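Read the figures in this text as sums done on the coordinates, not as results from a lab. Predicted model only: the values in this text are computed from it and were never measured. We place every Cβ from the backbone using ideal geometry, glycine too, and count neighbours over all the protein chains shown.
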Amino acid sequence: MTSAGARDLPGSAGARDIRDNAVSARDKGTLSGITRAQAPTHEAPAPAKSAKAKPKRVALIGANGHGRSHRRKLQELSEANRLEVAAYCDVAEVDEPGEVPVYRDHQAMLAETRPDVVIICTPPHTHLPIALDCVRAGADLLLEKPPMLALADHETLQAALDETGQVCQVGFQALGSAGLTRVREAIASGALGEIIGISAFGAWQRDDAYWSRSPWAGKRTIDGALANPFAHATMQCLALLPQPIRIASIEVERYRARPIEVDDTATLRVRPVDGPPVVVAVTLCAEGFLPGSVLVQGTAGEAELEYPTDRLRLSTPDWETTGRADLLLNLLDDRDSLIAPLAVTAAFTAVLEHIHAAPTPIALDPARLVERHAGPARQVVIPGIDQLVRTAARRLALFSEISDLPTERP
Ligand SMILES: NC(=O)c1ccc[n+]([C@@H]2O[C@H](COP(=O)([O-])OP(=O)(O)OC[C@H]3O[C@@H](n4cnc5c(N)ncnc54)[C@H](O)[C@@H]3O)[C@@H](O)[C@H]2O)c1
């Protein structure tokens, strides 16, 4: 286990503050201000606000990988006359770009197409230089998560935003959840009583093909269950803490069932100066499948939000499906009131920086692992892990406090 005491977020004096980090007024965002009326956007997108409004020109850097889902969205919104697709850019070949101009070099693309908005969907360690070039070229950003890998980089981008007046929405799409707003309202109204803890758990299975999907897969300081696939779980929990967040301590336990540099199984506990502890317990070596839940436990009730699907149960056993506001539409329509501005993700970057500075993950004894399938579809399972992530989240515990998972290297 590694832990750290309190330290400052960029731009804050004294304790950490994710809202007050020399953020321009327009980039303050609405982390706690997503209204119900704003939220469900699963219907077809509405046409542009006025027939005269010229659709904004949107470019995408990093058009393969997850960029493909952005391309589908851009096409859909373009057909609805909500935007114009200015260009795609990727250092690799882009398949089926249609009529959209394709560039290999983002500087050339910025100079020639002058987009109003750029979606950056390149590997995390490439985000900062590309983001700086885009804002200096006069573009607003939809920057994929994790936005930055270090607080100093976070600060550098924030300074560039302040200087240029551009804004940056971070691709934590689950922050647009109407369910999250409902949970926040339940906390604020006292409906759940005193909040004892906020936690998240998830159990996914990722095979050998996943861990060789791209050059940065499984690489130290870039990838990992906590840092990448379950980043949304941590961000959702942090978003429910009293704002501004001031972090008192961070503890992390990381394990790996494969020969990778990062964690495929981990627990994280963040203790804020004000508010309840946050625990995140996740694995990519699941026996079955737990999609990802945020659990808020109070003295008078509890809430569980299945954040990938926006399903919510609020002090009842019954689930309801809530909707979600779309980050790109929010950026296009309301850039002065962003759902996920860079500033509100500073606490996430602080946690990430701590994870990356922690010792490399502990390799689990192969005798306790089970293999399924072969070739690229080979899976490694940690028997009992699905129940363990659930229990860790409920008990606000690290794995080593409630199981025989080791805390020391063999
Ligand atoms: N929001 C989400 O749910 C979600 C889901 C998946 C990935 N992501 C994020 O999206 C980003 C990309 O992830 P990915 O899985 O698609 O990675 P990837 O490696 O599969 O794809 C990245 C693409 O960027 C291109 N690229 C790399 N450097 C470039 C450069 N300098 N200029 C132009 N193109 C460049 C690569 O050729 C590749 O096509 C990461 O930040 C990741 O965490 C977010």
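Here are a few things to note about the model shown:
- Long-range HN-HN contacts of Lys56 with modeled amide H, under 5 Å: Glu84
- Dipole magnitude of region 58-107, debye to nearest 20 (Cβ charges: Lys/Arg +1, Asp/Glu -1, about Cα centre): 220
- Each peptide in 320-333, 269-282, 374-387 receives the mean, over its residues, of other Cβ atoms within 10 Å, and ordering these scores from highest gives 269-282, 320-333, 374-387.
- Ellipticity at 222 nm from helices only: DSSP H runs of n ≥ 4 in the chain, each -39500 (n - 2.57), divided by the residue count, give -7500 deg cm²/dmol.
- Unsatisfied cross-links (Cα-Cα over 27 Å) in the set Lys73/Lys145; Lys73/Lys219; Lys56/Lys145: Lys73/Lys219
- Note, ³J(HN,Hα) from phi for region 71-80, Karplus 6.51, -1.76, 1.60, rounded to Hz, x at Gly and Pro: 4, 4, 5, 4, 4, 4, 6, 5, 5, 7
- For peptides 147-159, 361-373, sequence by mean Cβ density within 10 Å, most packed first: 147-159, 361-373
- Dipole in debye (nearest 20) - the chain, about Cα centre, beta carbon charges: Lys, Arg +1; Asp, Glu -1: 260
- Backbone HN-Hα couplings from phi across region 195-211 [Karplus 6.51/-1.76/1.60, Hz, Gly and Pro as x]: 7, 8, x, 10, 9, 9, 9, x, 9, 10, 10, 10, 8, 4, 4, 4, 7
- In the chain, a dipole from Cβ-located charges (positive for Lys and Arg, negative for Asp and Glu) runs towards its positive end, and of Ala217, Cys168, Ala300 it is Ala300 whose Cα lies farthest in that direction.
- For the pair region 135-195 and region 373-410, the centres of their Cα atoms are 30 angstrom apart.
- Calculated diffusion of the chain, Stokes-Einstein form, Kirkwood radius summed over Cα pairs, 20 °C and 1.002 mPa s, µm²/s: 98
- The chain, relative contact order [Cα under 8 Å, separation at least 6], %: 22
- Shape analysis of region 247-297 places it in the oblate category; the axes a ≥ b ≥ c from the Cα gyration tensor give an a/c of at least 1.5, with a/b not above b/c.
- Computed over Cα pairs, the Kirkwood radius of region 144-298 leads via Stokes-Einstein (1.002 mPa s, 20 °C) to a diffusion coefficient of 126 µm² per second.
- With Cα atoms defining each centre, region 279-309 and region 222-244 are spaced 12 Å apart in the structure.
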